1. What pairs come out if I take residues in region 38-60 that are without any contact (Cβ under 8 Å) to a residue 12 or more places away in the chain and pair them with residues that are in a helix (DSSP H, G or I) whose C-beta lies under 9 Å away, six or more apart or interchain?
2. Looking at (1) closer than 19 Å to Ala5 by Cβ; (2) part of a helix (DSSP H, G or I), which one does Leu31 not meet, given that it meets all the others?
3. If you go through region 63-107 one residue at a time, how many are more than 15 Å from the chain's Cα centre (by Cα), loosely packed, with under 13 Cβ neighbours inside 10 Å and not in a helix (DSSP H, G or I)?
4. Can you tell me which residue is modelled with the lowest pLDDT among those in region 108-139 that are among the small types (Gly, Ala, Ser) and loosely packed, with under 14 Cβ neighbours inside 10 Å?
5. Within 29 Å of Glu50 (Cα to Cα) and either of a type in the set (Lys, Arg) or touching a residue at least 60 places away in the same chain (Cβ under 8 Å) (or both) - does that describe any residue in region 116-136?
6. Among the residues of region 5-22, are any of a type in the set (Lys, Arg), surrounded by 13 or more Cβ atoms within 10 Å (Cβ to Cβ) and over 30 Å from Pro126 (Cα atoms)?
7. Please tell me if Leu11 is part of a helix (DSSP H, G or I) and touching a Ser or Thr at 6+ places or on another chain (Cβ under 7 Å).
8. How many residues are modelled with pLDDT under 95, within 20 Å of Lys92 (Cβ to Cβ) and surrounded by 12 or more Cβ atoms within 10 Å (Cβ to Cβ) when one looks only at region 29-62?
Amino acid sequence: MAPGAFKMRDLTEACGVSDQAVRLYERLGLLEPVGRTAKGYRLYDASSVETVRFIKQAQRSGFILEEIKILLRTDIRDEHACDEMKALLDRKLHALTERLVELQGMKDVLHSLRQACEGEPGPLCPAFLKLCVPDCAVPDPKGARPLRRR
């Protein structure tokens, strides 16, 4: 084994990732072992630890693996790197803002369904009826026929 090199198990323990994640990073071209042992075990070095930690931090920040691949290939000393990063961050922030609006809408619908459940229990669940027949008044459970499930 080369000096300063270590096996996958050591890399996964140092970075808190699974061996499946490391193999995925390799398949996608995000990470490359520095060599192999005589028995074929992958070998990594300190830069591999830095790379995997960068990948995990980028994922926690909302980047997908394809975006991370681009980031890893970016020369941060390039004068255009900062402009490219700003553009990527602007796209990510815009997408996140849209997703938050969508999630707020989902929360409002769920809250409305939950409010439909207030009151005395009856033969039909008002929230279920409201979900099955959106934008309609919830029928009076005493006069409504039960819904049949298929």
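1. Qualifying pairs under 9 Å: Gln59/Leu65; Gln59/Ile68.
2. (2)
3. Residues meeting the conditions: 6.
4. Ala137
5. No, every residue in region 116-136 fails to be within 29 Å of Glu50 (Cα to Cα) and either of a type in the set (Lys, Arg) or touching a residue at least 60 places away in the same chain (Cβ under 8 Å) (or both).
6. yes
7. yes
8. 1
The values are calculated or read from the model by the stated rules, or taken from the named source; none is laboratory data. Note that the structure is a prediction, hence the values are computed from the model and not measured. A quick note on method: Cβ atoms are made from the backbone with ideal geometry, for glycine too, and the neighbour counts reach across all protein chains shown.
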